[in-house]
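Asks: Let me begin by handing over the structure; questions about it come next.
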Ligand SMILES: Nc1ncnc2c1ncn2[C@@H]1O[C@H](COP(=O)(O)OP(=O)(O)OP(=O)(O)O)[C@@H](O)[C@H]1O
Ligand SMILES: [Mg+2]
């Protein structure tokens, strides 16, 4: 177990800078999740921590060692790959013990560690099988077993669940989480699934285009996104955005005026974007008029697509709604939970 | 190709294949059967498709007229050395060109590929001079060194590279994280996974060496150094006429062991060839 | 946990100096070491000899007298005025063309037949392929035996009341015989490559074509051929370059005869250099061979763009 420190880390492939200066302090024992849209550089950053990609500039330290020029094998990390990368020509047992073989451990020691890991991951019956004889979930567990036998300082996961079906993904999510609680090893976990990020992380790093947009606990990111990108990325269905202007009377957009969240009068006349999450729109006879476009009942809640102030939005209600497409309903945004972003920079204003 | 054939078409296909098969199979049959007929029967009319009398004494004559056992050993060990050497060097080079990033990799690969354009027939005269100056004429060195590094090995390198490119790179990254260096990754991960390609390369390198003819007759002059292909043509009478039955007996001994190995392992043989990235 | 030692210190100020042996450099070194044996071998046994061929073609080399004399363009003048060369080119062209056409069409036919779903098809596949693994000289000797005037082929023909010819001694049949012997020997290779390519064509394409009412012949022309065209191109390159190297078959079957009717370039080169000891002239012929191989490969590579409709 060790903290991991990234200081102004950059990576270029040729002339293109893929990682554009990332600073993150990962606390000892923390479960840190890297999220971001496809191609934003999550995998690249993770692989730089692993030592599979070189670092163009900046520093990565694991514990109190700068590891920039260390081979992966000296970094004391373990990695779980998206497609598991199990060695097809070795049994489960050999797959799990392979790294120990190459670190000069004795046979009995290896067997003991493998047994221990197999116990934890419920793999004891599968040790003699080859990867092709395993189901997707079992392969996933072997991949984790391979990581934990070594008792490394840091676990690195690159979208480990994306090859599993939805149900199994939920199961494995819980399993990884409980494994982390049990072993307490510092973990960096890459995903582009924000549900995974929200449910598993101690802290989330939201990345976009090679830069960090925000770092924080799941609820911090959800409740106070630092900018419009994070606001739109975290949460499903995504936050609604309404472009308009800040005035003394409130937020004016598409012919309606919304109450402003907090005192920001000095920004009079500034172009801004009003953000409101789908669950923060409530039915209210006095509220704003909205035209219903689509109603999707999910059982526990109802999702309604509607047009409000000329903008398409989504609202989610806990109660059941009888509205039909074409009808008009009245909605009131929860001002306390509203967000205001600068129109140009996207930075949070309130 | 598509769907089931109608019964009538099936008969047509079977018939056509059986007729086409004759020139592929009959020569081998004729070789074996003629070699065990008494000399008086081999030109008999009507031809004896199945021999009526046996005479195995020709097989003894093969060994009397030539140091045939020695020649057999020569061919076998040369082919073995060439095969192992080619498999080793070609898989190493193919791996590096497929996986390792190093400056001038593309240029160097182009230079290696140039070897495909230069069959040893083109360079045979200077090769002769080079080996002459090294005192290696009438030794087996040319038959070992030229194939291990010439056009056939370049082809092998190309095949291996194609195969390595198609292997998932994550396996090797996992091995790096597991603590292996390049050479160990190659030996314990990449090479075992490239077994099919390696098998095909081995088979064809072996056959190429086993069939080599120009190089032996250029480089070798004493019968105890000869390889089999060269030896087979030496069974002639005082007037240079072929001693057919003896030649056929020697040919049979040359061909049949490989043929048997092939029939036993034909699945690996053919599928190895078919799967070996020869698709471009 | 593991006692990993760090070769770089941990002076974690911004001005850390990078060691010379970075991960990239170490890996690059490994790369060079991996290719070194082959690269060195190719240099010594292929590239240097290739340069020497050019050098030799400007000389005459008398092995017995150990004399190596500069003769300038004499060998090239000899080449241009060589009365036999026309025949040699003719024979080479006929042999290569005949071989490629026959080999490719027979290979394709066999592959289509073998791609049918029939019981016992692998037995046929094995048998069609078997000559590939029969020792080349053994195979050639049997055919030589079969094609004698009083050999097996004529005897069989006579049984059916037909009269054969002296296949290998008759100028009109000698070349055909040599080509046919070679085709049967090696067609199995291309057959297997075509077979693999045919099996790689997605079944749905044929099903879709059948639904659209496309006739089997049109399916073959419009679906099969375009999709296996990379294989066709590749095998044709291999086959044509291989055909230029044919030597043992000629040496055993006809020794280039009758006359010079089967004297292909490699055989002529061998005769000139190693039987008549004209090493300089042999080198000049080597260059001709090299140029032909290079031009053919280049042309076919260019054709790739036009012929190949589909690549993996
Ligand atoms: N070896 C490479 N050479 C050049 N560009 C690369 C290389 N590897 C990655 N990239 C580029 O770097 C960017 C980031 O890639 P990366 O794989 O880190 O994305 P990611 O965030 O993991 O995306 P995903 O969610 O799709 O996995 C991409 O635009 C990719 O094209
Ligand atoms: Mg990724």
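Asks: State whether the residues of region C:158-169 include one that is part of a helix (DSSP H, G or I) and surrounded by 20 or more Cβ atoms within 10 Å (Cβ to Cβ).
Replies: no
Asks: Only one of C:91, C:107, C:66, C:78 is outside the structural domain of residue C:217 (by TED's automatic domain parsing) and in contact with a helix residue (DSSP H, G or I) (Cβ under 8 Å, 6 or more places away or on another chain); which?
Replies: Details: C:91 fails: outside the structural domain of residue C:217 (by TED's automatic domain parsing); C:107 fails: outside the structural domain of residue C:217 (by TED's automatic domain parsing); C:66 fails: in contact with a helix residue (DSSP H, G or I) (Cβ under 8 Å, 6 or more places away or on another chain).
Step by step, each of C:91, C:107, C:66, C:78 is checked, and only C:78 is outside the structural domain of residue C:217 (by TED's automatic domain parsing) and in contact with a helix residue (DSSP H, G or I) (Cβ under 8 Å, 6 or more places away or on another chain).
Asks: Check residue A:183 against each of (1) surrounded by fewer than 22 Cβ atoms within 10 Å (Cβ to Cβ); (2) more than 14 Å from chain C (Cβ to nearest Cβ) and name the one condition it does not meet.
Replies: Evaluating residue A:183 over (1) surrounded by fewer than 22 Cβ atoms within 10 Å (Cβ to Cβ); (2) more than 14 Å from chain C (Cβ to nearest Cβ) leaves (2) as the failure.
A quick yes/no check of all residues on (1) touching a helix residue (DSSP H, G or I) at 6+ places or on another chain (Cβ under 8 Å); (2) modelled with pLDDT of 90 or more:
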| position | (1), (2) |
| --- | --- |
| A:289 | no, no |
| A:299 | no, no |
| A:304 | no, yes |
| A:313 | yes, yes |
| A:320 | no, no |
| A:335 | no, no |
| A:341 | yes, yes |
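Asks: Could you go through region B:123-133 and let me know if any residue there is under 21 Å from the mean Cα position of the chain (by Cα), surrounded by fewer than 24 Cβ atoms within 10 Å (Cβ to Cβ) and at the interface with another protein chain (Cβ under 9 Å from one of its Cβ atoms).
Replies: No, the conditions are met nowhere in region B:123-133.
Asks: State which residue pairs qualify: first residue within 14 Å of chain C (Cβ to nearest Cβ) and more than 19 Å from residue A:118 (Cα to Cα) and inside region A:150-172, second residue part of a helix (DSSP H, G or I) and modelled with pLDDT of 85 or more in any location, beta carbons under 9 Å apart, and separation of 6 or more residues or different chains.
Replies: Listed pairs, sorted by first residue: A:154/A:49; A:154/A:50.
Asks: Hey, could you check region A:144-163 for residues that are part of a loop (DSSP other than H, G, I, E, B) and within 16 Å of ligand 1 (Cβ to nearest atom) and say which is farthest from the chain's Cα centre (by Cα)?
Replies: Filtering region A:144-163 for residues part of a loop (DSSP other than H, G, I, E, B) gives A:149-153, A:159-163.
Narrowing the set further to residues that are within 16 Å of ligand 1 (Cβ to nearest atom) leaves A:159-163.
Values: A:159: 10, A:160: 13, A:161: 13, A:162: 13, A:163: 17 Å.
Selected residue: A:163.
Asks: Could you tell me how many of the residues in region B:214-230 are surrounded by fewer than 21 Cβ atoms within 10 Å (Cβ to Cβ) and either within 11 Å of chain C (Cβ to nearest Cβ) or in contact with a strand residue (DSSP E or B) (Cβ under 9 Å, 6 or more places away or on another chain) (or both)?
Replies: 2
Asks: Tally the residues that are facing chain B (nearest Cβ under 7 Å), closer than 30 Å to residue C:158 by Cα and not in a helix (DSSP H, G or I), restricting the search to region C:113-147.
Replies: Looking only at that region, the number is 2.
Asks: Going by what's in this entry, would residue C:198 be described as under 26 Å from the mean Cα position of the chain (by Cα), more than 10 Å from chain B (Cβ to nearest Cβ), at negative phi and not in a loop (DSSP other than H, G, I, E, B)?
Replies: When the stated conditions are applied, residue C:198 does not pass them.
Asks: Any residue at all in region A:99-111 that's within 16 Å of ligand 1 (Cβ to nearest atom) and surrounded by fewer than 17 Cβ atoms within 10 Å (Cβ to Cβ)? Quick ask: steps written out before the conclusion?
Replies: The initial filter retains those residues of region A:99-111 that are within 16 Å of ligand 1 (Cβ to nearest atom), namely none.
Checking region A:99-111: not a single residue is within 16 Å of ligand 1 (Cβ to nearest atom) and surrounded by fewer than 17 Cβ atoms within 10 Å (Cβ to Cβ).
Asks: Quick test for you: out of A:16, A:22, pick the one residue that is in the same structural domain as residue A:209 (by TED's automatic domain parsing), farther than 22 Å from residue B:178 by Cβ and without any contact (Cβ under 8 Å) to a residue 60 or more places away in the chain. Steps first, please.
Replies: Working: A:22 fails: without any contact (Cβ under 8 Å) to a residue 60 or more places away in the chain.
One residue alone meets the criteria, A:16.
Asks: Which one of these is in contact (Cβ under 8 Å) with a residue 60 or more places away in the chain, within 23 Å of the chain's Cα centre (by Cα) and within 14 Å of chain A (Cβ to nearest Cβ): B:248, B:259, B:191?
Replies: B:191
Asks: Separate question: Checking the conditions here, which among A:39, A:63, A:29 is more than 16 Å from ligand 1 (Cβ to nearest atom), in the same structural domain as residue A:209 (by TED's automatic domain parsing), more than 29 Å from residue C:19 (Cβ to Cβ) and surrounded by fewer than 22 Cβ atoms within 10 Å (Cβ to Cβ)?
Replies: When all the criteria are applied, what remains is A:29.
Asks: Oh, and also: Just checking, which of C:272, C:249, C:219, C:245 is crowded, with 18+ Cβ neighbours inside 10 Å, in contact (Cβ under 8 Å) with a residue 60 or more places away in the chain and at the interface with chain B (Cβ under 10 Å from one of its Cβ atoms)? Before you say what the answer is, go through the steps one by one.
Replies: Working: C:272 fails: in contact (Cβ under 8 Å) with a residue 60 or more places away in the chain; C:219 fails: in contact (Cβ under 8 Å) with a residue 60 or more places away in the chain; C:245 fails: in contact (Cβ under 8 Å) with a residue 60 or more places away in the chain.
The conditions single out C:249.
Asks: Quickly run through region B:100-119 and pick out the residues that are under 30 Å from residue B:218 (Cβ atoms), under 25 Å from the mean Cα position of the chain (by Cα) and more than 8 Å from chain C (Cβ to nearest Cβ).
Replies: Selection gives B:113 alone.
Asks: Can you spot a residue in region C:54-67 that is crowded, with 18+ Cβ neighbours inside 10 Å, modelled with pLDDT of 85 or more and not in a helix (DSSP H, G or I)?
Replies: yes
Asks: For residues that are more than 16 Å from ligand 2 (Cβ to nearest atom), assigned to a loop (DSSP other than H, G, I, E, B) and either within 7 Å of another protein chain (Cβ to nearest Cβ) or closer than 20 Å to residue A:151 by Cα (or both), tally how many sit in region A:30-87.
Replies: 13
Asks: Let me ask something else about it. Test residue B:34 against the criterion of being crowded, with 19+ Cβ neighbours inside 10 Å, over 29 Å from residue B:226 (Cβ atoms) and either in contact (Cβ under 8 Å) with a residue 12 or more places away in the chain or more than 7 Å from chain C (Cβ to nearest Cβ) (or both), and give yes or no.
Replies: no
Asks: If you don't mind, another one. Only one of B:150, B:115 is under 22 Å from residue C:135 (Cα atoms), surrounded by 18 or more Cβ atoms within 10 Å (Cβ to Cβ) and without any contact (Cβ under 8 Å) to a residue 40 or more places away in the chain. Can you tell me which?
Replies: Of the residues listed, the single one that is under 22 Å from residue C:135 (Cα atoms), surrounded by 18 or more Cβ atoms within 10 Å (Cβ to Cβ) and without any contact (Cβ under 8 Å) to a residue 40 or more places away in the chain is B:150.
Asks: Looking only at strands (runs of 3 or more DSSP E) that lie completely in region A:179-250, which have at least 3 residues being closer than 19 Å to residue A:22 by Cα and touching a residue at least 12 places away in the same chain (Cβ under 8 Å)?
Replies: Of the strands (runs of 3 or more DSSP E) lying wholly inside region A:179-250, those with at least 3 residues that are closer than 19 Å to residue A:22 by Cα and touching a residue at least 12 places away in the same chain (Cβ under 8 Å) span A:186-190, A:203-208, A:211-216.
Asks: Among the residues of region C:151-170, is there at least one that is within 7 Å of chain B (Cβ to nearest Cβ), under 21 Å from residue B:233 (Cα atoms) and modelled with pLDDT of 90 or more?
Replies: So far as region C:151-170 goes, no, none of its residues is within 7 Å of chain B (Cβ to nearest Cβ), under 21 Å from residue B:233 (Cα atoms) and modelled with pLDDT of 90 or more.
Asks: Where in region A:283-350 are there strands (runs of 3 or more DSSP E), lying fully within it, with 3 or more residues that are under 25 Å from the mean Cα position of the chain (by Cα)?
Replies: Hits in region A:283-350: A:311-317, A:339-342.
The values are calculated or read from the model by the stated rules, or taken from the named source; none is laboratory data. This one's a predicted model, so the numbers in the text were calculated from it and none came from an experiment. Cβ coordinates were reconstructed from backbone atoms using ideal geometry, including for glycine residues, and neighbour counts include every protein chain displayed.
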